[in-house]
Amino acid sequence: MTKEELFKFFHELAIVPVVAIEDAEKAVPLAKAMIDGGIPCAEVTFRTAAAEQAIKNMTAAFPEMVVGAGTVINPQLAEKAVKAGAKFIVSAGLNPDTVKWCNENNVPITPGVCTPSEIEQGLSLGLNVLKFFPAEASGGVNMLKNFGGPFKQVKFMTTGGISPANLADYAKTPNVLAIGGSWMVKPELINNCQWDEITRLCREAVQKVQGLEFVHVGIYADDADANEKGAQTLAKMGMGINRGSSIFMDKAIELIPHEGRGAKGHLAYKCYDLDRTIAYLKTQGFTVDESTRKLDDKGKTKFIYLNEEVNGFSIHLTKG
């Protein structure tokens, strides 16, 4: 997997669990629980003596799982982690020697930064994906928004103080590539072999970072007169009318004076990042109609239809 492929994988997955494991024998059932929860990825931190063997066990049992090493504080530890099977390196701070070793050996690395000076140092070492750590203690989403001005070319892996309570805030921040966290793989869950709970928490996190939310229903009419009649009927029930090429009733119902995709109409959903959510929905069995994909000025998807329908209603996604 190239660096570009890895970072695309991170963006689409959105969640990178940070694992501190004390018993390498639990690495394989842990990996399976995470995969079952929709997260085939882990950053195994070298905070414990079991980290190296845990990486070996995970990668041997599940070659398709993207396993990396965290808390890598020097080049020697980076080399040890890569030999164990780590596909990427993460560090709490920015050690130029570690970065240079990774660059020379074509190993993706995201060193930790929390100041503009550290970001500039990372850029000078050829990196445009960095770890923002400790995220919450360093200003959280507001700091990331400020970084977005002078450092438009930089994307961040965010870790530190992130939980289900603030996960959505990071997921909707444009310069966040992916989010690291340990709430779904807490040491006590691993030590107590609570694999079903880990799977549940992983699945919950993957769903939450999508920000999928129903927006409106579109209903077709035979012609403009029938469409207007429908609008007047709903207006008598207290709904406001907003006219355009179609008629929106309080933003919840779109009345359309002609047939369209879907026999009866469409269901519109919004999400934080369409490209990410499309990747997620594909894992759930959905497919997309590429002919309907519309891009924004940055080349990111802003609108697309799914091929699947519900009771005669088509489904489309828009940027939230």
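Sort the range 238-320 into rounded, prolate or oblate with this rule: let a ≥ b ≥ c be the square roots of the eigenvalues of the Cα gyration tensor; rounded if a/c is under 1.5, and if a/c is not under 1.5, prolate when a/b is larger than b/c, oblate otherwise. Before the final figure, lay out the partial values.
Values: a/c = 2.03, a/b = 1.49, b/c = 1.36.
Verdict is prolate for the range 238-320.
Rounded to whole Å, give me the distance from the Cα center of the range 206-273 to that of the range 1-23.
38
Cα gyration tensor of the range 1-81, axes a ≥ b ≥ c as square roots of the eigenvalues: rounded (a/c below 1.5), prolate (a/b > b/c) or oblate? Write out the running numbers ahead of the final one.
Values: a/c = 1.79, a/b = 1.13, b/c = 1.58.
Cα axes put the range 1-81 in the oblate bin.
Output wanted: per-residue J couplings in Hz (rounded whole) for the range 152-163, from phi through Karplus 6.51 cos²θ - 1.76 cosθ + 1.60, θ = phi - 60°, x for Gly and Pro.
Computed from phi, the couplings for the range 152-163 are 4, 7, 9, 10, 10, 8, 10, 8, x, x, 8, 8 Hz.
Rounded, prolate or oblate: pick one for the range 3-208, where a ≥ b ≥ c are the square roots of the eigenvalues of its C-alpha gyration tensor, a/c under 1.5 means rounded, and failing that, prolate if a/b is larger than b/c, else oblate.
oblate
Sort 104-112, 162-170 by packing, meaning the average of other beta carbons within 10 Å per residue, with the highest value first. Can you show the working numbers first?
Numbers: 104-112: 20.3, 162-170: 16.2.
Result, highest mean first: 104-112, 162-170.
For a 30 Å ceiling on Cα separation, which of these pairs sit above it: LYS3/LYS282; LYS186/LYS208; LYS186/LYS298? The partial results should precede the final answer.
On the way: LYS3/LYS282 23 Å; LYS186/LYS208 19 Å; LYS186/LYS298 37 Å.
Table pairs above 30 Å Cα-Cα are LYS186/LYS298.
Less than 10 Å Cβ to Cβ from VAL113, Lys/Arg counted +1 and Asp/Glu -1: what total charge do the surrounding residues give?
-1
Around THR292, which amide H atoms from residues at least 5 apart in sequence, or from another chain, sit under 5 Å from its own amide H, with H modelled in the peptide plane?
Long-range HN contacts for THR292: TYR305.
Sequence-distant or interchain residues sharing an amide H contact under 5 Å with LEU94, placed H: which?
For LEU94, the qualifying residues are GLY112.
Please list 3J(HN,Hα) in residue order for the range 16-26, calculated via the Karplus relation 6.51 cos²θ - 1.76 cosθ + 1.60 where θ = phi - 60°; whole Hz, with x for glycine and proline.
Ordered by residue, 3J(HN,Hα) equals 10, x, 9, 9, 10, 10, 9, 10, 4, 5, 8 Hz.
Please list, in order along the range 295-305, the HN-Hα scalar couplings obtained from phi with the Karplus expression 6.51 cos²θ - 1.76 cosθ + 1.60 (θ = phi - 60°), rounded to whole Hz, x for Gly and Pro.
After applying 6.51 cos²θ - 1.76 cosθ + 1.60, I find 10, 8, 6, 9, x, 9, 5, 10, 7, 6, 9 Hz.
Are any of the pairs LYS172/LYS270; LYS131/LYS300; LYS56/LYS83 more than 20 Å apart by Cα-Cα distance, and if so, which?
Details: LYS172/LYS270 12 Å; LYS131/LYS300 23 Å; LYS56/LYS83 9 Å.
Listed pairs above 20 Å: LYS131/LYS300.
Quick one: order ARG243, ARG293 by neighbouring beta-carbon count within 10 Å, fewest to most.
On the way: ARG243 10, ARG293 16.
Fewest to most other Cβ atoms nearby, the residues stand as ARG243, ARG293.
Would you mind checking which residues have amide H under 5 Å from GLY180's amide H? H placed 1.01 Å from N; only 5 or more apart, or other chain.
Residues meeting the criterion, in which the H sits 1.01 Å from N, are VAL16, THR158, THR159.
Divide by every residue of the chain the summed helix terms, -39500 (n - 2.57) for each DSSP H run of at least 4, and state the resulting mean residue ellipticity at 222 nm, rounded to the nearest 500 deg cm²/dmol. Provide the component values of the computation, followed by the final result.
Working: 12 runs with 114 residues, N = 320.
Taking each H run of at least 4 residues, the total per residue is -10500 deg cm²/dmol.
Each value in this text was obtained by applying a stated rule to the coordinates, not by laboratory testing. This is a predicted model, so every value here is computed, not measured. Heads up, the Cβs are rebuilt from the backbone with ideal geometry, glycines too, and the neighbour counts pull from every protein chain shown.
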